[in-house]
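To keep things clear, I will list the structure first and then write my remarks on it.
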Amino acid sequence: MAPFDVILFDLGGVVIELDGPPIRAAWTSEQDETEVWRRWIHSTAVRRFESGRGSSAEFCDEIVRELGLSIDGDEFLRHFLAWPKGIYPGMYELLRTLGETYRVGCLTNCNELHWRRYIDDLALGQVFHHPFSSHELGALKPDAEIFERVVRELGCPAERVLFVDDNQMNVDGAVAAGLHAFRAKGPEEVRAGLARAGVLRR
């Protein structure tokens, strides 16, 4: 018997390679990358936009004001649109292979600017049985609400779901909701974690 029914992947940092952190060091006095990510994840503007509220223009202006960036909203928008570089080499093939045995999906904090590119332009909609995005669900990781909603929609016990994310806070949120989860960034770490979970052969 397969160890899980469903395997869910975060996108940015796991399936999709990002062009560094979302905020460049030159735009802010904060130089610690971990702190930049913490501020991003807890940002009111980010949480509002990635839960499907507000326009992209409103978001860009809000994030510039909130984080005190030295650029304007238009420049931030140009950077934000180009932030996702593309699918990590080998990840598309891995997802297709896993989909032959498991129900495969994504659970990502995302927004209207990036979602259609991921699903349509990068063809991830062709390999995901269950594509979940925060901006369509109206809830975000690592909050319990998003994991509980997704498990209900999947129609299987939480313990039969494996979740992969590059952010430990999101992994902890998934585990607290009853899912199995591990942290990984990029194809090598993903494959190693799947092997440890009994999904791939070592």
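Give the residue list of trypsin sites (Lys or Arg not before Pro) in the stretch 44-142 that are DSSP loop and have at most 16 other beta-carbon atoms within 10 angstrom.
In loop regions of the stretch 44-142 (DSSP not H, G, I, E or B), the sparsely surrounded trypsin sites (Lys or Arg not before Pro) are Arg53.
Using Cα pairs under 8 angstrom and six or more residues apart, how large is the relative contact order of the chain, in percent?
28
Looking at the chain as a GNM with Cα springs under 10 Å, which of Asp165, Asp32, Asp143 has the largest mean-square fluctuation?
Maximum among the listed residues: Asp32.
How high is the relative contact order of the stretch 20-82, in percent, with contacts defined as C-alpha pairs under 8 Å that are six or more residues apart?
29
Count the net charge of all other residues whose Cβ sits under 14 Å from the Cβ of Phe132, scoring Lys and Arg as +1 and Asp and Glu as -1.
With Lys, Arg at +1 and Asp, Glu at -1, the neighbours total -4.
With springs only between Cα atoms under 10 Å, which of His79, His130, His180 fluctuates most in a Gaussian network model of the chain?
In this elastic network of the chain, the residue with the biggest mean-square fluctuation among His79, His130, His180 is His79.
Treating each Cα of the stretch 20-82 as an identical point scatterer and ignoring solvent, apply the Debye formula and state log10 I(q)/I(0) at q = 0.12, 0.15, 0.27, 0.29 Å⁻¹.
-0.25, -0.40, -1.34, -1.48
In whole angstrom, how far apart do the alpha carbon centroids of the stretch 114-137 and the stretch 184-202 sit?
A separation of 22 Å, based on Cα centres.
Taking only DSSP H segments of four or more residues, each worth -39500 (n - 2.57), what value at 222 nm results for the chain once the sum is divided by all its residues, to the nearest 500 deg cm²/dmol?
-12000 deg cm²/dmol
Quick one: among Ala82, Ala177, Ala45, which has the greatest mean-square fluctuation in a GNM of the chain with alpha-carbon springs under 10 angstrom?
With Cα springs under 10 Å in the chain, the top fluctuation among Ala82, Ala177, Ala45 is at Ala82.
Place a +1 charge on the Cβ of each Lys and Arg in the stretch 20-82 and a -1 charge on the Cβ of each Asp and Glu, then give the dipole magnitude about the Cα centre in debye, rounded to the nearest 20.
Taking the Cα centre of the stretch 20-82 as origin, the dipole is about 200 debye.
Suppose every K and R has +1 on its Cβ and every D and E has -1 on its Cβ; what is the size of the dipole of the chain about the Cα centre, in Debye to the nearest 20?
The calculated dipole for the chain is roughly 680 debye.
First select every other residue whose beta carbon is under 12 angstrom from the beta carbon of Phe59; then total the charges, Lys and Arg +1, Asp and Glu -1.
It works out to a net charge of -2.
Over 27 Å apart: what share of the alpha carbon pairs of the chain falls there, rounded to a whole percent?
Taking all Cα-Cα pairs of the chain, the fraction more than 27 Å apart is 28 percent.
Which value, in debye to the nearest 20, gives the size of the charge dipole of the stretch 82-185 about its Cα centre, when Lys and Arg are +1 and Asp and Glu are -1 at the Cβ?
Rounded to the nearest 20 debye, it is 180 debye.
How large is the translational diffusion coefficient of the stretch 77-147 in µm² per second when you combine the Kirkwood radius over alpha carbon pairs with Stokes-Einstein at 10 °C and 1.306 mPa s?
120
What is the sum of charges, Lys and Arg at +1 and Asp and Glu at -1, for the other residues whose Cβ falls under 11 Å from the Cβ of Arg183?
In short, -4.
Values quoted throughout were computed directly from the atomic coordinates according to the rules given, and no laboratory measurement underlies them. The model shown is predicted, which means the values in this text are computed figures rather than measured ones. Methodologically, a virtual Cβ is constructed for each residue, glycine included, from the backbone with ideal geometry; neighbour enumeration extends over all protein chains shown.
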